[in-house]
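A.B. asks: Quick one: the structure is below, and I'll ask about it shortly.
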Amino acid sequence: MLGHTFQVTADELKDIFNTRLAPYLPAHLTNVEPNPSGWGISYTFKPFTGREDEPREPRRYYDDPKLCYRHQDREAGRPEAGEAEYDLREKARHFLDEVYSEARTEWRNARYIAALKAVVKNTGDLYKQYGQARTAVDAAYAYLREPEAAKEWPTAVSRLIDAHGALKAAATAFDERAQQIAEVDEEHFHEEMPGYDEALKAAGYPEGKHWPIASPRDYGTNYRGEYDRATLSGQAQTLIREQEEHVAKVGRLAGTPAA
């Protein structure tokens with residue numbers, strides 16, 4: 001019985017991968033070699049698309065005389081081999097489990113990246129449009145403090161209201177896409193995955209690390225019809241409410257009914 005760590009010679013490694021495991025190895029495996037550190041094995045795979053079936057060990061290897069357990073030899077009427085042979089078989093089964101574990105990690109990462117790539121699309125444009133809408137709101141609101149605004153107060157306030165509408169629309173459009181991205185991230189997340197920023201970069205969207213993506217549960221409105229502050233819709237809602245209250249107060253104190 002092997003321990004948590006064990007040694008394997010170059011000849012054993014060659015026998016294991018070139019002979020014993022050859023019929024069962026993942027199709028994407030291209031190279032096997034010892035790690036430079038001297039501990040463990042390094043596996044290289046051709047790129048997965050994430051659309052392949054999940055890599056799984058073929059169950060038929062259980063009955064292979066070059067891999068089977070001692071009791072299986074007895075049950076099949078074969079003479080039991082020596083301890084060295086059974087140790088070698090155990091090493092081979094260990095490496096088969098390991099290579100498929102590595103293959104599944106590669107496949108899951110590829111599936112995550114492909115799913116992100118499919119959903120991201122024009123998110124960058126949506127975020128840019130939100131930024132432009134926010135700039136327009138800031139400009140329209142700042143103008144109300146200028147002396148010139150008093151000469152056209154109703155018109156200036158109307159422009160702010162229009163800018164508010166555009167901001168809400170832009171925030172909604174971005175958040176709808178952001179929720180899809182958040183759902184993909186949550187669906188595919190597991191500890192072997194690359195980080196979110198790294199996955200976006202691999203998908204071709206390195207700028208995505210700057211997008212404000214909240215948790216999937218933060219999107220939509222609560223029972224009061226309010227959005228969460230973690231979303232752009234929530235931030236826009238808060239900003240608009242504060243500006244509307246301020247403009248209304250100015251109108252009330254200044255005696256400007258049109259406000």
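A.B. asks: Fewest first, what order do Val120, Val157 take by the number of other Cβ atoms within 10 Å?
C.D. replies: Listing Val120, Val157 from fewest to most nearby Cβ atoms yields Val120, Val157.
A.B. asks: Right, next: Counting only trypsin sites (Lys or Arg not before Pro) that are in a DSSP loop and have at most 14 other C-beta atoms within 10 Å, tell me the longest site-free stretch of the chain.
C.D. replies: With trypsin sites (Lys or Arg not before Pro) excluded where exposed in loops, the chain gives 146-223 as its longest stretch.
A.B. asks: Using the Karplus equation 6.51 cos²θ - 1.76 cosθ + 1.60 (θ = phi - 60°), what ³J(HN,Hα) coupling, rounded to whole Hz, does each residue of the range 84-100 give in order, writing x for Gly and Pro?
C.D. replies: With the stated coefficients, the range 84-100 comes to 4, 5, 5, 5, 5, 5, 5, 4, 4, 5, 4, 5, 5, 4, 5, 5, 6 Hz.
A.B. asks: Using +1 at the Cβ of each Lys and Arg and -1 at the Cβ of each Asp and Glu in the chain, identify which of Ala76, Tyr196, Ala169 lies farthest towards the dipole's positive end.
C.D. replies: Toward the positive end, the furthest listed residue is Ala169.
A.B. asks: At q = 0.10, 0.11 Å⁻¹, what log₁₀ I(q)/I(0) does the range 10-117 have when each alpha carbon counts as one equal point scatterer in the Debye sum?
C.D. replies: Each listed q maps to, in turn, -0.35, -0.41.
A.B. asks: Give the order of Ile41, Ile240 when sorted by the count of other beta carbons within 10 angstrom, beginning with the fewest.
C.D. replies: Ranked by crowding around the Cβ, least crowded first: Ile41, Ile240.
A.B. asks: Taking the Cα atoms of the range 121-254, what is the range of coordinates along each of the three principal axes, in descending order and whole Å?
C.D. replies: 61, 33, 17
A.B. asks: Also, quick follow-up: For the chain, what does -39500 (n - 2.57) per DSSP helix run (n ≥ 4), summed and divided by total residues, give at 222 nm, in deg cm²/dmol to the nearest 500?
C.D. replies: -18500 deg cm²/dmol
A.B. asks: Would you please name the chymotrypsin sites (Phe, Trp or Tyr not before Pro) within the range 51-136 that are DSSP coil residues with at most 16 other C-beta atoms within 10 Å of their C-beta?
C.D. replies: Tyr69
A.B. asks: Which GluC sites (Glu not before Pro) from the range 70-143 combine a DSSP loop assignment with at most 15 other Cβ atoms within 10 Å?
C.D. replies: Within the range 70-143, the qualifying GluC sites (Glu not before Pro) (loop, at most 15 other Cβ atoms within 10 Å) are Glu80.
A.B. asks: How high is the relative contact order of the chain? Use alpha-carbon pairs under 8 Å, at least six apart in sequence, and give a whole percent.
C.D. replies: RCO, the chain: 16 percent.
A.B. asks: So if R0 is 25 Å, what FRET efficiency would His190 and Asp53 give, r being the distance between their Cβ atoms, rounded to the nearest 0.05?
C.D. replies: My answer for the efficiency is 0.90.
A.B. asks: Which GluC sites (Glu not before Pro) in the range 136-235 sit in a loop by DSSP (not H, G, I, E or B) and have at most 14 other Cβ atoms within 10 Å of their own Cβ?
C.D. replies: For GluC sites (Glu not before Pro) across the range 136-235 that sit outside H, G, I, E and B with at most 14 neighbouring Cβ atoms in 10 Å, the list reads Glu191, Glu192, Glu226.
A.B. asks: Okay, moving on. For the pairs Lys128/Lys249; Lys121/Lys209; Lys46/Lys201; Lys91/Lys201, flag any whose C-alpha to C-alpha distance is greater than 26 Å.
C.D. replies: Pairs exceeding the cut-off: Lys128/Lys249; Lys91/Lys201.
A.B. asks: Right, another one. With +1 assigned to the C-beta of every Lys and Arg and -1 to the C-beta of every Asp and Glu, and no other charges, what is the dipole magnitude of the chain about the Cα centre in debye, to the nearest 20?
C.D. replies: It comes to approximately 900 debye.
A.B. asks: Could you calculate the FRET efficiency of Lys66 with Ser37 from 1/(1 + (r/R0)^6), where r is the beta carbon distance between them and R0 is 22 Å, rounded to 0.05?
C.D. replies: Rounded to the nearest 0.05, the efficiency is 0.15.
A.B. asks: Please work out which option in (i) 135, 53, 37; (ii) 135, 64, 25; (iii) 104, 36, 28 gives Cα extents along the principal axes in Å calculated from these coordinates, and answer with its label.
C.D. replies: Among (i) 135, 53, 37; (ii) 135, 64, 25; (iii) 104, 36, 28, the one derived from this structure is (iii).
A.B. asks: Now a separate question. If you plug each phi of the range 48-64 into the Karplus form 6.51 cos²θ - 1.76 cosθ + 1.60 with θ = phi - 60°, what whole-Hz ³J(HN,Hα) values come out, in order, with x for Gly and Pro?
C.D. replies: Those phi angles translate into 7, 9, x, 9, 6, 5, 4, x, 9, 4, x, 5, 5, 5, 4, 9, 6 Hz.
Bear in mind these aren't lab numbers, they're just calculated from the coordinates by the rules spelled out. Just so it is clear, the model here is predicted, and its values are computed rather than measured. All Cβ positions, even for glycine, are placed from backbone atoms using ideal geometry, and neighbour counts span all protein chains on display.
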